[in-house]
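Heads up, the thing below is written out as structure tokens.
The values are calculated or read from the model by the stated rules, or taken from the named source; none is laboratory data. The shown structure was predicted, so the numbers you read here are calculated from the model rather than taken from an experiment. Counting neighbours? That spans all protein chains shown, and the Cβs are built from the backbone with ideal geometry, glycine included.
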Amino acid sequence: MGYSLAFSGGKGGVIGNLSWAFLRNVGARPGPWAPHIPALAHFSFQVMFAIITPALITGAFAGRVAFKSYLKFLVFWSLLVYIPMVHWIWGGGFLAQWGVLDFAGGMVVHASAGFAALASVWVVGARHLLGTIQLGVFAYLSVNAAGQNGLAAGNAAFFGKEVAAALLVAVYAFGVTWIILKVLDRFEPVRVPSTVEWAGLDTELEDQEEHASLQ
């Protein structure tokens with residue numbers, strides 16, 4: 001369903017539809033977004049990005065978030081942040097119609113994951129390297145996401161569009177990620193207790209060791 005929402009048609013250029021849900025009409029014949037390879041190969045390639053993008057966020061809170069909350073976060077973030085952004089830029093959405101290009105995932109993957117990671121740090125709890133993280137994310141946004149796509153084309157107007165799109169991606173990814181984590185935390189604490197924080201995402205490790213010590 002995610003591939004269909006990202007790459008099929010849609011109204012307003014915000015999100016696709018379900019015409020390709022469950023890989024309907026996605027097979028050996030080329031599709032509109034990759035006219036020289038099978039549509040199924042394009043799907044497989046995009047699945048790779050859909051997997052690695054949320055994984056890039058994980059380093060910001062690894063060891064401090066309960067595994068159950070982490071799984072919920074992955075589902076909501078993929079649906080509410082990643083898939084719409086893919087449609088906006090790679091799937092013919094409103095940013096693509098505006099002329100924005102993302103040659104190597106600088107906005108769809110890295111900028112969205114970077115600002116989502118920053119938002120997660122603010123909700124879960126800051127580390128002592130927060131200032132470094134902020135500086136790194138800002139540098140990436142200004143130099144990579146916009147510069148790689150805009151300056152490479154050698155067009156000042158195009159570069160301006162890339163900067164505006166990168167800022168939109170950053171604000172959207174940060175804001176929606178913050179909301180997702182806040183809502184999840186309202187129903188169940190997202191952060192693991194400090195006593196088991198050393199166990200990382202495996203919050204059941206302490207219970208297992210405690211059970212073993214009683215035997």
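One table, with the values for the structure above:
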{"quantity": "Candidates Ala34, Ala6, Ala28 - the one that is touching a helix residue (DSSP H, G or I) at 6+ places or on another chain (Cβ under 6 Å), at negative phi and without any contact (Cβ under 8 Å) to a residue 24 or more places away in the chain", "calculated": "Ala34"}
{"quantity": "Subset of the range 1-20 that is among the hydrophobic types (A, V, I, L, M, F, W, C) and surrounded by 16 or more Cβ atoms within 10 Å (Cβ to Cβ) - its residue that is farthest from His110 (Cα to Cα)", "calculated": "Trp20"}
{"quantity": "Pairs where the first residue, in the range 107-134, is farther than 12 Å from Phe61 by Cα and buried (at least 21 other Cβ atoms within 10 Å of the Cβ) and the second is of a type in the set (S, T, N, Q) and modelled with pLDDT under 85, C-beta under 7 Å, 6+ apart", "calculated": "His110/Asn144"}
{"quantity": "Pick from the range 91-106, criterion assigned to a loop (DSSP other than H, G, I, E, B) and in contact with a Lys or Arg (Cβ under 8 Å, 6 or more places away or on another chain), ranking: surrounded by the fewest Cβ atoms within 10 Å (Cβ to Cβ)", "calculated": "Gly99"}
{"quantity": "Any hit, the range 26-34, residues being at pLDDT 90 or above and outside any loop (DSSP other than H, G, I, E, B)", "calculated": "no"}
{"quantity": "Among the candidates Leu71, Leu79, residue that is among the aliphatic types (A, V, I, L, M) and touching a residue at least 12 places away in the same chain (Cβ under 8 Å)", "calculated": "Leu79"}
{"quantity": "Meets criteria (closer than 18 Å to Gly16 by Cα, in contact with a Pro (Cβ under 9 Å, 6 or more places away or on another chain), among the aromatic types (Phe, Trp, Tyr) and surrounded by 16 or more Cβ atoms within 10 Å (Cβ to Cβ)) for Trp88", "calculated": "no"}
{"quantity": "Residues within the range 49-70 that are under 14 Å from the mean Cα position of the chain (by Cα) and either surrounded by fewer than 18 Cβ atoms within 10 Å (Cβ to Cβ) or part of a helix (DSSP H, G or I) (or both), tallied", "calculated": "12"}
{"quantity": "Qualifying residue in the range 147-167 (condition: charged (D, E, K, R), at pLDDT 55 or above and in contact with a helix residue (DSSP H, G or I) (Cβ under 9 Å, 6 or more places away or on another chain))", "calculated": "yes"}
